[in-house]
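*Asks:* One structure follows; several queries about it will come next.
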Amino acid sequence: MTTIDATHPGATRGGAGVEENYLTHGKGLLSWLTTLDHKRIGVMYLICLLSSFLLGGVFALLVRTEHLTAGQTIMDAETYNRYFTLHGAIMVFLFIIPGIPAALGNFVLPLMLGAKDVAFPRLNLMSWYLWMTGAMFLLASVLTGGVDTGWTFYTPYSTTTATHVIPVTIGVFILGFSSIFTGLNFTVTIHKLRPPGMTWFKMPLFLWAIYATALIQVLATPVLGITLLLLIAERAMGIGIFDPGLGGDPVLYQHFFWFYSHPAVYIMILPAMGVISEIIAPFSRKAIFGYRFIAYSSIAIAAFGFLVWGHHMFTSGQSGLINMVFSALTFSVSIPSAIKVFNWLATMYKGSIVLKAPMLYAFSFIFLFGIGGLTGLFLGALSVDVHLHDTYFVVSHFHYVMFGGTVIAFLAGLHYWWPKMFGKMYSERWAAVACALIFVGFNVTFFTQYVLGSQGMPRRYFNYPEQFAIYHQISTYGSYVMGLGFVITAIYLVQSLVAGRRAGANPWGSTTLEWRTPRIPPWFNFENPPPVGDPYDYSQVRYDPALDDYVWVDQERHEKKAI
Amino acid sequence: MSGHGSEHPEYLGHHYDTVEQQFDAGKFGMWLFLATEVLLFAGLFCGYAIYRSHHPEVFIYAHQFLDKNMGAINTIVLIFSSFTMAMAVRAAQLGKNRQVVALLAVTLLCGFGFLGIKYVEYKAKWEHGLLWGTKYQPSEHGSHAEEPAVPHAAAPAVAQTGAPNPGHVGTIAEQGSGPGAVEQASPAAQDHGSPAAQDHGAAASSTPSAVAIGDPGPLDVHTNIPPPGVPSVTTAIAPDLGGAGGHVTGHATTHEPNNVHLFFGIYFLLTGLHGLHVVAGMSAITWALVRTLRGDFSPGYSTPIDLVGLYWHLVDLVWIYLFPLLYLIH
C-alpha cells in the first residue's frame, strides 16, 4: 500500500499505512448528510440518481410488458397512462437532467480543474437537498396514484385531469431550482477557481461540456419554473391563461414548456458528449483531434438549443413561416453535433485503441447517438414530421438520443471514474457482457419502434391493431435483455466495492488532473495547485508494470531527484 | 472548514486562495442568480406581451381599475429603499456598522411600507371581485357601462382611495378604483348637468370608442378621448381633478370587453410573484442586519451586504417595469 502511494507525493501525507481520503474523512451518516465536499455530494447524487433510474426502469418494463398483447395484459388503460407518465417524469426530471452534471460532474469537475471544491459548497449541498425534496414530491405522487398527463403536462388536459398534477408540478419546480443552483455553481467555479496555468483552452473537454450545460441550466430552467407556476395557478386558481374557455391559449403552454424543455435536451446530451470526449482520447492513446472545435461546438449547441423549441409544435397550428424557420434552425443543430462525432472518429483513427468497458460504452454511444441524431433530421423535416409526429418514431428517436446517448455515456463515465471514486476495479469481463446485453437489448427494443412509428403506431396508446403485435413483442423482449444487462451491471459494481481489485491512481493512463490525485482523492483534493499540462498529451504518463498502473513522468523525475 | 494556512482569515472559504477571489466568485454567482430571476419574470412578461397584443382592449379597459396613485407611491418607496440600500453597502465598505444598521432598517421599513400599500390595493380588488379567471366577478356587474349604477357603489371606492368627501362624485370617478366608480360616471354627469345632453353624449361617445376598440391599435382608443380640460361631453361627465379623469370616463362609456379577467390574472401573477420577491429580499436584509449587529463585517469583508444589495436592486427594478406596464397603459 505504502509503496504505491509513495509514487504520489500527495498521498504520503496520511502517514504509514493510513490513507486519508474523502471516504474516510469523517464517519457516520451525519458526516455525509452535512458534508460540503463536492466528492461526497457527487456520490450522494450518484446513489439517489441510480435509485430513481431503477424506479423509472421498473415503470418502463411494466409499460413494455403491458404491450406484449393488444388490450389489457397486466394493467388497465388508466394505470397504463399513469405508468408511462411516471416513467417519463422520473427518468427526465430525476435522472437524466441532473444525471451527469450532478453526479459525475460534482465529483470530477473541481478535480479536473485543479480546484479544492466548487465555488459555493453550501449551495452545492442545498442543491442536493432540493433534489431530495423534489424527489419526495414525485414519490408522494407515485404513492398516491400518480399522474396521467404524460411527462410534458400539456394543457388543457393537465388542468382538468383528476390525478395529482400539482404535487408533481411542485416537485419538478423544486428540482428545477436544484438544477439552476448546480449550473450556477459550476459556471462560477469554472470562471473563478481555475488554478494558475489552467487557461480556458487547457481545460479538459468535459469541463467545456459541463460549462455549456451549466449555461443552459441557468438560462432556461427559470422559464420552466414560471411555466410550472402558471400551470399550478391555472389548476389551483383557475387563472385562465391556458384555458381557451377563458380566453387563454393552450398552445402558449407548449411554447413555454418547450422553451425550457428543448434546451433541456441539451442539458442531457452535452455532458454526455463531454464524457465521451474524455474517454475516446486516453483509450486511443492519442491526443484528441480538433480540441477547439469540440470545445466551441459545445457552446454552439447550447446557443442553437435555445432557438429550436418550435419544432415540437409543427402540428400545433403555428404559421407556415414559423415552422420553416424552426425547421431550418433545427437542422443547423446537427452541424456542431456532427463536428463532435467526426472529431471522435478522427481521434480514434490510427490510435492504439484499448477495448475496456468505458471505451465499449463510448463506441455504443457513437453508434446509437448517430442513429438518434440522424432520425432527428427526419422529424425536423416539416413534411415528414406531419406523418411521424406523436408516433413511436418520436419515442424511438428520443430514446436513441436520451438513452443511447446520455444513459450510455453516463455508464461510460461511471465505469471510467469508478476507480477514482472508490479505488476499486470492477470485473472487466462482466462489464463487457453487460455492455453487450444493453447494446443489443436497446437496439432490439427501440429500432423496432422506428418501424412501428413509421407504420403509424401512435405513442402513448394503450391498445393497438393486431398487425403491430409482432413489433411490440420484439420490442418488449428487447427491453428484458436490456434489463438483464442492468442487473448484471448493478451486481458487478456492488461486488467491486466489496471485493474488487485495488485500483491504481491512474489505471487508464489519462492525463487530466483528477488522475494526479492518489487512488482515492483526499478530502482537500490538492494540497498545492497541480501542474497544469496538456490534458491529452499521453507522453506525460508511463505504464509501470511493477505497479500495474500509470505513473506521471514529472513526478517520477521529481522523486528521483529527491533521492 | 479552514484547516490549513494560518494566513487564511476566518471568513475566507478553504477552497479560495484570496479574499478577492472569494468576493469575485460571490458577486459573479449573484449576477447569474439575478439573471435567472430576470428570466423567471421574463416568462410572465412574455405572457403579458402576448395577451396584450391579442386583447389590447382588455388591457386598456381593465388597467383603469388599478390605483395609479398607490402604484406611484410604491414606486417612490422602492426607489428610495434602493437608495438607502446602496448607502448601506457603501457604509459597510467603509466599516461604519452603525450606519449600516440604520440604513438597512430604513430599507426594511420601506419594504414593509410597500407591502402594506400593496395589501390595501389587493384588498380593494378582492372586495370588488376584480380577480382572475373564474373568480372575476366585478361587484357592480359592469357588462353594460351605460346602465346606471347603484349610487351606494361609490362608498367602498371612496373608502379605499381615502377621498375625504364621499359626496364628490367626480373624485370617485377620477380615482377609477373600481367598476362601481367608473359606472358612476354616467349618473355623475347627470348630477352635474342636463340629463338630455348627457344621454346624447353617452351614446355619442360610446360609438366611436367602440369602433376604436375594434381596431388593433390601442392608441386609437385615446384619439377619441379629448384631452383633460377640453370642454366636451366626456369632461362634462367627470370634472377633471387629477388629470386622469378624462380617460376613465372615456372608457366608462364603452362596453366591457370579453375576458377582462385575463388582465387581472396577469396583474396578480406579476405583482404576486414580485411581492414574494420583496418578502425574500426583506428576509435577506434582515439576515444581513442581524449579521451586522453581530459584528461579522469589517471593511475587509462585507460581501453579503453587497450581494443582498444587488438582490434588492433587482426587486426594485422589476417593479419599475411592472408599474408602467400595468398601471400606465396608453
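The values are calculated or read from the model by the stated rules, or taken from the named source; none is laboratory data. It should be emphasised that the depicted structure is a prediction, and the values quoted were computed from it without experimental measurement. All Cβ positions, glycine included, derive from the backbone under ideal geometry; neighbour counts span all protein chains shown.
*Asks:* Write out, first by first residue and then by second, each pair whose Cβ atoms fall under 9 Å of each other, whose residues are 6+ apart or on separate chains, and whose first residue, in segment A:178-204, is free of Cβ contacts under 8 Å to residues at least 12 places away in the same chain and farther than 17 Å from A:Leu513 by Cβ while the second is assigned to a helix (DSSP H, G or I) and acidic (Asp, Glu).
*Replies:* Filtered contacts from segment A:178-204: A:His191/B:Asp24.
*Asks:* Here's something else I'd like to know. Only one of A:Ser383, A:Ser454 is closer than 25 Å to A:Gly150 by Cα and either in contact with an Asp or Glu (Cβ under 7 Å, 6 or more places away or on another chain) or among the small types (Gly, Ala, Ser) (or both). Can you tell me which?
*Replies:* Just a single option satisfies the conditions, and that option is A:Ser454.
*Asks:* Being surrounded by 16 or more Cβ atoms within 10 Å (Cβ to Cβ) and within 14 Å of chain A (Cβ to nearest Cβ) is true for just one of B:Leu40, B:Leu78. Which residue is that?
*Replies:* Among B:Leu40, B:Leu78, only B:Leu40 is surrounded by 16 or more Cβ atoms within 10 Å (Cβ to Cβ) and within 14 Å of chain A (Cβ to nearest Cβ).
*Asks:* Of all residues being surrounded by fewer than 22 Cβ atoms within 10 Å (Cβ to Cβ) and out of contact with any Pro (no Cβ under 9 Å at 6 or more places or on another chain) in segment B:49-61, which is farthest from the other protein chains (Cβ to nearest Cβ)? Just the residue, please.
*Replies:* B:Ala49
*Asks:* In segment A:516-563, what residues are part of a loop (DSSP other than H, G, I, E, B), in contact (Cβ under 8 Å) with a residue 40 or more places away in the chain, over 23 Å from A:Arg194 (Cα atoms) and aliphatic (A, V, I, L, M)?
*Replies:* Passing the criteria: only A:Leu547.
*Asks:* Give segment A:308-330 a look and list any residue that's aromatic (Phe, Trp, Tyr) and under 23 Å from the mean Cα position of the chain (by Cα), or say none.
*Replies:* Once the filter is applied, which keeps residues that are aromatic (Phe, Trp, Tyr) and under 23 Å from the mean Cα position of the chain (by Cα), segment A:308-330 yields only A:Trp309.
*Asks:* A:Val440 fails exactly one of the following numbered conditions: (1) assigned to a helix (DSSP H, G or I); (2) modelled with pLDDT under 95. What is the number of that condition?
*Replies:* Result: A:Val440 passes all but (2).
*Asks:* Filter segment A:138-162 for residues that are surrounded by fewer than 20 Cβ atoms within 10 Å (Cβ to Cβ) and under 22 Å from the mean Cα position of the chain (by Cα); which is farthest from the other protein chains (Cβ to nearest Cβ)?
*Replies:* It comes out as A:Leu139.
*Asks:* Name every residue in segment A:408-456 that is farther than 30 Å from A:Thr24 by Cα, buried (at least 21 other Cβ atoms within 10 Å of the Cβ) and aliphatic (A, V, I, L, M), in order of residue number.
*Replies:* Listed by number, the residues that qualify are A:Ile408, A:Ala434, A:Ile438, A:Leu452.
*Asks:* If only one of B:Asp17, B:Asp24 is outside any helix (DSSP H, G or I), surrounded by fewer than 19 Cβ atoms within 10 Å (Cβ to Cβ) and among the acidic types (Asp, Glu), which one is it?
*Replies:* The match here is B:Asp17.
*Asks:* Being touching a Pro at 6+ places or on another chain (Cβ under 6 Å) and under 25 Å from A:Trp32 (Cα atoms) is the filter here, so list the residues in segment A:496-512 that pass it.
*Replies:* Residues satisfying the conditions are A:Ala503, A:Ala505.
*Asks:* Condition first: within 11 Å of chain B (Cβ to nearest Cβ) and either without any contact (Cβ under 8 Å) to a residue 12 or more places away in the chain or over 28 Å from B:Ala35 (Cα atoms) (or both). Can you find one or more residues in segment A:250-258 that meet it?
*Replies:* Yes: segment A:250-258 contains one or more residues that are within 11 Å of chain B (Cβ to nearest Cβ) and either without any contact (Cβ under 8 Å) to a residue 12 or more places away in the chain or over 28 Å from B:Ala35 (Cα atoms) (or both).
*Asks:* Out of all the residues in segment A:163-181, is one or more away from chain B (no Cβ under 14 Å), assigned to a loop (DSSP other than H, G, I, E, B) and not aliphatic (A, V, I, L, M)?
*Replies:* yes
*Asks:* Ok, one more. Is at least one residue of segment A:372-382 in contact with a His (Cβ under 8 Å, 6 or more places away or on another chain), crowded, with 18+ Cβ neighbours inside 10 Å and of a type in the set (A, V, I, L, M)?
*Replies:* Scanning segment A:372-382, I find at least one residue that is in contact with a His (Cβ under 8 Å, 6 or more places away or on another chain), crowded, with 18+ Cβ neighbours inside 10 Å and of a type in the set (A, V, I, L, M), so the answer is yes.
*Asks:* Check whether at least one residue in segment B:101-121 is closer than 30 Å to B:Tyr51 by Cα and within 14 Å of another protein chain (Cβ to nearest Cβ), and report yes or no.
*Replies:* No, the conditions are met nowhere in segment B:101-121.
*Asks:* Identify the single condition in (1) over 24 Å from the mean Cα position of the chain (by Cα); (2) surrounded by 24 or more Cβ atoms within 10 Å (Cβ to Cβ); (3) within 14 Å of another protein chain (Cβ to nearest Cβ) that A:Ser127 does not satisfy, given that it satisfies every other one.
*Replies:* Here A:Ser127 clears every test but (1).
*Asks:* Cβ-Cβ below 8 Å, separation at least six or inter-chain, first residue in segment A:22-42 and in contact (Cβ under 8 Å) with a residue 40 or more places away in the chain, second acidic (Asp, Glu): which pairs?
*Replies:* Once the first residue is in contact (Cβ under 8 Å) with a residue 40 or more places away in the chain and sits in segment A:22-42, its partners that are acidic (Asp, Glu) give A:Tyr22/A:Asp37; A:His25/A:Asp37; A:Leu36/A:Asp117; A:Asp37/A:Asp117; A:His38/A:Asp117.
*Asks:* Is there a residue being within 30 Å of A:Lys202 (Cα to Cα) and either surrounded by fewer than 20 Cβ atoms within 10 Å (Cβ to Cβ) or not polar (S, T, N, Q) (or both) anywhere in segment A:474-496?
*Replies:* No, because not a single residue in segment A:474-496 is within 30 Å of A:Lys202 (Cα to Cα) and either surrounded by fewer than 20 Cβ atoms within 10 Å (Cβ to Cβ) or not polar (S, T, N, Q) (or both).
*Asks:* A further question on this structure: Take A:Ile241 and decide whether it is touching a residue at least 60 places away in the same chain (Cβ under 8 Å), within 13 Å of chain B (Cβ to nearest Cβ) and of a type in the set (Val, Ile, Thr).
*Replies:* So A:Ile241 does not fit the description; no.
*Asks:* Let me ask something else. Return the residue satisfying two criteria in turn: it lies in segment A:105-123 and is touching a His at 6+ places or on another chain (Cβ under 6 Å) and of a type outside the set (A, V, I, L, M), and of such residues it is nearest to A:Phe173 (Cα to Cα).
*Replies:* Per the stated criteria, the residue is A:Asn106.
*Asks:* Filter segment A:505-563 for residues that are among the small types (Gly, Ala, Ser) and buried (at least 23 other Cβ atoms within 10 Å of the Cβ); which is nearest to A:Pro282 (Cα to Cα)?
*Replies:* Here the answer is A:Ser510.
*Asks:* Against the definition (closer than 21 Å to A:Phe314 by Cβ and either part of a helix (DSSP H, G or I) or within 11 Å of chain B (Cβ to nearest Cβ) (or both)), how does A:Ser277 come out, yes or no?
*Replies:* no
*Asks:* A:Arg501 - would you say it is without any contact (Cβ under 8 Å) to a residue 12 or more places away in the chain and closer than 25 Å to A:Phe283 by Cβ?
*Replies:* Spelling it out, it is not the case that A:Arg501 is without any contact (Cβ under 8 Å) to a residue 12 or more places away in the chain and closer than 25 Å to A:Phe283 by Cβ.
*Asks:* Still on this structure: Looking at (1) surrounded by fewer than 22 Cβ atoms within 10 Å (Cβ to Cβ); (2) of a type outside the set (Asp, Glu); (3) closer than 23 Å to A:Ala264 by Cβ, which is the one condition that is false for A:Thr79?
*Replies:* Unmet condition: (3).
*Asks:* Ok, one more. For segment A:115-124: of the residues being surrounded by fewer than 23 Cβ atoms within 10 Å (Cβ to Cβ) and among the hydrophobic types (A, V, I, L, M, F, W, C), which is nearest to the other protein chains (Cβ to nearest Cβ)?
*Replies:* Ranking the candidates gives A:Phe120 first.
*Asks:* In segment B:236-293, which residues are in a helix (DSSP H, G or I), among the aliphatic types (A, V, I, L, M), at pLDDT below 90 and closer than 17 Å to B:Leu66 by Cβ?
*Replies:* B:Val248, B:Ala252, B:Leu262
*Asks:* When you go through (1) within 14 Å of chain B (Cβ to nearest Cβ); (2) at pLDDT 95 or above; (3) out of contact with any Leu (no Cβ under 9 Å at 6 or more places or on another chain) one by one for A:Arg64, which number turns out not to apply?
*Replies:* All conditions are met except number (1).
*Asks:* For segment A:190-210, enumerate the residues that are assigned to a helix (DSSP H, G or I) and under 20 Å from the mean Cα position of the chain (by Cα).
*Replies:* Once the filter is applied, which keeps residues that are assigned to a helix (DSSP H, G or I) and under 20 Å from the mean Cα position of the chain (by Cα), segment A:190-210 yields A:Ile190, A:Leu205, A:Phe206, A:Leu207, A:Trp208, A:Ala209, A:Ile210.
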